[in-house]
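Here is the structure we will look at.
The values are calculated or read from the model by the stated rules, or taken from the named source; none is laboratory data. Since the model is a prediction, treat every value here as computed from it, not as a measurement. Note that each Cβ is placed from the backbone with ideal geometry, even for glycine, and that neighbours are counted across all protein chains shown.
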Amino acid sequence: MTNQEIAELAAQYLMPTYALPRVAFVRGEGAMLYDADGNEYLDFLAGIAVSGVGYAHPRLVQAICGQARRIMHTSNLFLIEPQVRLARRLAELSFADRTFVCNSGAEANEAAIKLARKWAGQHLAPGQRSIITALKSFHGRTLTTATATGQEKYHRPFAPLPPGFSYVPFGDLAALEAALDETVCAVMLEPIQGEGGINVPPDDYLPGVRRLCDDHGILLILDEVQTGLGRTGTWFGYEHYGIAPDIMTLAKSLGGGFPIGACLAADDVAMAFEPGDHASTFGGNHLACAAAVETLAIIEDEGLLDNARAMGELLIRRFSDMARESDRVDHIRGKGLLLGVKLGGEFAKSVVSGCMERGLVINALGPDVLRLAPPLTITAEQCERAVAIIAEALAEAD
Ligand SMILES: Cc1ncc(COP(=O)(O)O)c(C=O)c1O
């Protein structure tokens, strides 16, 4: 099928939850994508911070095919070897001791919210079950995670919403302190806000949040669905701030493109769950976990954290130069390969289409921010190519 034929079927048969795109990618290799009409694109979006190891990585393909040939799914009524290998590796890499494996970021956050409330039931006062999140946050599209998301546009059409959430401005410690009343059992934040515009908090914010949570005896949940697994140049975003959360969620790049999510916690919190408290039919299946184990090994073996840091610095230099030379770019923000280019006006959409026409995939976060989140395998030459294309698209954007 051509791009056009696929678009026509999508318009006819899919629920209209997505503004219909015109391009259907049918193949990928490394950081390159190919559409149904045979056009080639350099990918600076990575399936929205998912394809960290690039497309069709031979080791990942082999791990998935090999596992599919052996067994894909048996349910959590039985032990699953790749699941325990994944949980062990995540415990080695992070602050956490234990993992619950699910299928997406929203599900990981649902698990985190349930775990925090179950823990609160054992350690806090009966009325202490509410969770504070940040304005401009994004935590998912299920009813509860959409409610946790501090953006009204995701709430309005779907009321009544589950109770027990309140919101504070991100990066504002005084506002958080003022909101911490006797109803709160946890604070839930992204270390760097992704969907909200790549918002980096002041350096002392997360350490301050950690201190406040400790002082109040409540939990800190970090949603690392977008920031985790090398995206910001460290395994996890919290490492930049010298703190650790009590609960962390992962998804997106965990399976290298295969759907998987995870909720992690230290022993004292994780053990609040008992058999029967939470479950998922598909969560932690052999295939997803084999993909995740191999993805983590590739990130480590190929030094992708170092590459994310180096390529991020290169992009920050190039766009900072552009900001000095032209009023089309205001500044660039972010860490590693989770970057937001703040434009000098509201023409992000036009830049995105100009880039697509020139064979570069990026996306816009609102009217004036471009998100750059290429595969962590991206090379300096590919970064320079992307910068040149964005500069051309910026010059023409309206
Ligand atoms: C920080 C964060 N949390 C949660 C989610 C939801 O993940 P999923 O779409 O896999 O449910 C996203 C998705 O963009 C995200 O960026």
Report task. Only one of these is away from the ligand (no atom under 16 Å from the Cβ) and in the same structural domain as H278 (by TED's automatic domain parsing): A96, A106, A111, A116. Name it. Result -> A96
Requested in this report: Those residues that are under 18 Å from L305 (Cα atoms) and not β-branched (V, I, T), I need them from region 28-58; list them, please.
Outcome: G30, A31, F44, L45, A46, A49, S51, G52, G54, Y55, H57
Report task. Kindly provide the set of residues from region 124-135 that are surrounded by 21 or more Cβ atoms within 10 Å (Cβ to Cβ) and within 18 Å of G366 (Cβ to Cβ), ordered by number. Result -> A134
**Report entry** Residues being in contact with a Lys or Arg (Cβ under 9 Å, 6 or more places away or on another chain) and polar (S, T, N, Q) - total across region 27-50
**Finding:** 0
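Listed here are the residues, each with its yes/no results for (1) assigned to a strand (DSSP E or B); (2) surrounded by 15 or more Cβ atoms within 10 Å (Cβ to Cβ); (3) without any contact (Cβ under 8 Å) to a residue 40 or more places away in the chain.
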residue	(1), (2), (3)
A290	no, yes, no
E294	no, yes, no
L305	no, yes, no
E313	no, no, yes
S320	no, no, yes
G340	yes, yes, no
R371	yes, yes, no
R385	no, yes, no
A391	no, yes, no
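Taking region 46-60, which residues are more than 12 Å from the chain's Cα centre (by Cα) and either surrounded by 20 or more Cβ atoms within 10 Å (Cβ to Cβ) or among the aliphatic types (A, V, I, L, M) (or both)? Working first, answer last.
In the first step, residues of region 46-60 are kept if they are more than 12 Å from the chain's Cα centre (by Cα); the result is 53-60.
Passing the criteria: V53, G54, Y55, A56, H57, L60.
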Query raised in the report: Name the residues in region 134-150 that are within 8 Å of the ligand (Cβ to nearest atom) and not in a helix (DSSP H, G or I), would you?
Result: S137, F138, H139, G140, R141, T142
**Report entry** Scope region 213-237; condition within 10 Å of the ligand (Cβ to nearest atom) and of a type in the set (V, I, T); matching residues
**Finding:** V225, T227
Query raised in the report: Only one of T234, T295, T249 is of a type outside the set (F, W, Y), in contact with a Cys (Cβ under 6 Å, 6 or more places away or on another chain) and within 29 Å of P201 (Cα to Cα); which?
Result: T249
Query raised in the report: Just for helices (runs of 4 or more DSSP H) wholly inside region 1-100: which have at least 2 residues that are touching a residue at least 60 places away in the same chain (Cβ under 8 Å)?
Result: 46-49, 58-70, 81-93
Report task. Could you please give the count of residues in region 162-178 that are more than 16 Å from the ligand (Cβ to nearest atom), surrounded by 15 or more Cβ atoms within 10 Å (Cβ to Cβ) and among the hydrophobic types (A, V, I, L, M, F, W, C)? Result -> 4
Query raised in the report: Do we find that G261 is buried (at least 24 other Cβ atoms within 10 Å of the Cβ) and closer than 18 Å to I298 by Cβ in this structure?
Result: no
